[in-house]
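S.K.: Supplied in structure tokens, the structure appears directly below.
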Amino acid sequence: MTASPQIGFGVVRHTRTRPAPHQFAYGNYFVWLPMRQGAQDPAAFDEAIPRNRWAPLSFYDSDHGVGGADSLAWLDALLIEQGITDCTGEVWLHTYPRVLGYVFKPVSFWYCYTAAHELKAVVVEVNNTFGERHIYVLDHVTLGVQQRTEKVFHVSPFCEVRGSYRFNFMHQKQTGQVVPNRVVARIDYTDTHWADGPLLCTSVSGTLEPLNARSRRRALWAYPLMTFGVMARIHWQALLLFLKRVPFFRKPAPPTEFIT
């Protein structure tokens, strides 16, 4: 079964429970890219979304990992370094594309499958607005089952670097399909104990369709300057939290290790 690049149209949701309730939801889109298929058939990949070259909507390998020219090679080396040797099947990258050459990616997800088409690991790339990046590697992942990891990386000045995340990934797929119809990635965060409930509940969801010239035009018309808007909305929501007198925490030094 051949995998092909997809685009997802959906919603980003964010809910803060304390000390001042705050929530928002924005419509947006993301790309869902089969990276091994892209390595085997680069022309088809480039036709779906221009790769490593300027276009109104494009994908650059250097936006991921350590900024190299081959992000899949970086991922494979990372998995082996972490003792994950059986992710030789397809790798689906859930991320934002560049729009008019600009992108800010708060989070990207690498879904790593075995040769038997079973999800094994998810590599989560987190970027903050200070130009820093951190990698969380989740092994033994099962769709619909929470994965927990400690928070070690500064993202928001309204959250301390303590506590933990719970990740939950859900894919709706029809029998025999390679590509899901709908995907959801949820991240809950608490700064204390889970018995107190999450501090933040965030999710990104979307319905997938083939990525081609037509769907690229739809994305650009429906959400012009989408990635510029991501950065603008982050600062707008920060202002609203400041006005609600939510405590502000200065940025600490980044973690000494790039990977958790």
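S.K.: Taking the range 174-232, which residues are over 19 Å from the mean Cα position of the chain (by Cα), hydroxyl-bearing (Ser, Thr, Tyr) and open to solvent by 20 Å² or more (accessible area, probe 1.4 Å)?
M.R.: If the condition is that a residue be over 19 Å from the mean Cα position of the chain (by Cα), hydroxyl-bearing (Ser, Thr, Tyr) and open to solvent by 20 Å² or more (accessible area, probe 1.4 Å), then Thr175, Thr192 are the ones that fit.
S.K.: Could you list, in sequence order, all residues of the range 46-68 that are within 23 Å of Ile259 (Cα to Cα) and either open to solvent by 60 Å² or more (accessible area, probe 1.4 Å) or modelled with pLDDT under 95 (or both)?
M.R.: Val66
S.K.: Then there is this: Name the one entry in Ala43, Ala20, Ala39 that is aliphatic (A, V, I, L, M), touching a residue at least 40 places away in the same chain (Cβ under 8 Å) and open to solvent by 10 Å² or more (accessible area, probe 1.4 Å). Working first, answer last.
M.R.: On the way: Ala43 fails: touching a residue at least 40 places away in the same chain (Cβ under 8 Å); Ala39 fails: touching a residue at least 40 places away in the same chain (Cβ under 8 Å).
None of the other options fit; the residue is Ala20.
S.K.: Condition first: open to solvent by 30 Å² or more (accessible area, probe 1.4 Å) and more than 23 Å from Leu239 (Cβ to Cβ). Now tell me which residues in the range 148-161 satisfy that.
M.R.: Arg148, Glu150, Val152
S.K.: Another one. Find all pairs meeting these conditions: Cβ atoms under 7 angstrom apart; at least six residues apart or on different chains; first residue within the range 70-84 and among the aromatic types (Phe, Trp, Tyr); second residue surrounded by fewer than 17 Cβ atoms within 10 Å (Cβ to Cβ).
M.R.: From residues that are among the aromatic types (Phe, Trp, Tyr), the pairs are Trp74/Val66; Trp74/Gly68.
S.K.: Conditions first: (1) in contact (Cβ under 8 Å) with a residue 24 or more places away in the chain; (2) open to solvent by 50 Å² or more (accessible area, probe 1.4 Å); (3) assigned to a strand (DSSP E or B). Arg245 passes all but one, so which condition is the exception?
M.R.: Exception for Arg245: condition (3).
S.K.: Right, something else. May I ask you to list the residues in the range 69-100 that are open to solvent by 30 Å² or more (accessible area, probe 1.4 Å) and either touching a Cys at 6+ places or on another chain (Cβ under 7 Å) or not charged (D, E, K, R) (or both)? If you could, list the steps in order and put the result at the bottom.
M.R.: Of the range 69-100, the ones open to solvent by 30 Å² or more (accessible area, probe 1.4 Å) are 69-70, 73-74, 76-77, 80-83, 85-86, 88, 90, 98, 100.
Those that are open to solvent by 30 Å² or more (accessible area, probe 1.4 Å) and either touching a Cys at 6+ places or on another chain (Cβ under 7 Å) or not charged (D, E, K, R) (or both): Ala69, Ala73, Trp74, Ala77, Ile80, Gln82, Gly83, Thr85, Thr88, Leu100.
S.K.: Mind checking which residues of the range 109-119 are farther than 19 Å from Ser4 by Cβ and open to solvent by less than 30 Å² (accessible area, probe 1.4 Å)?
M.R.: Thr114
The values are calculated or read from the model by the stated rules, or taken from the named source; none is laboratory data. Computed from a predicted model, the values in this text were never measured in an experiment. A quick note on method: Cβ atoms are made from the backbone with ideal geometry, for glycine too, and the neighbour counts reach across all protein chains shown. Side chains are part of the model used for accessible areas, which takes the heavy atoms of the whole protein and leaves out ligands, DNA and RNA. Shrake-Rupley method; radii C 1.70, N 1.55, O 1.52, S 1.80 Å.
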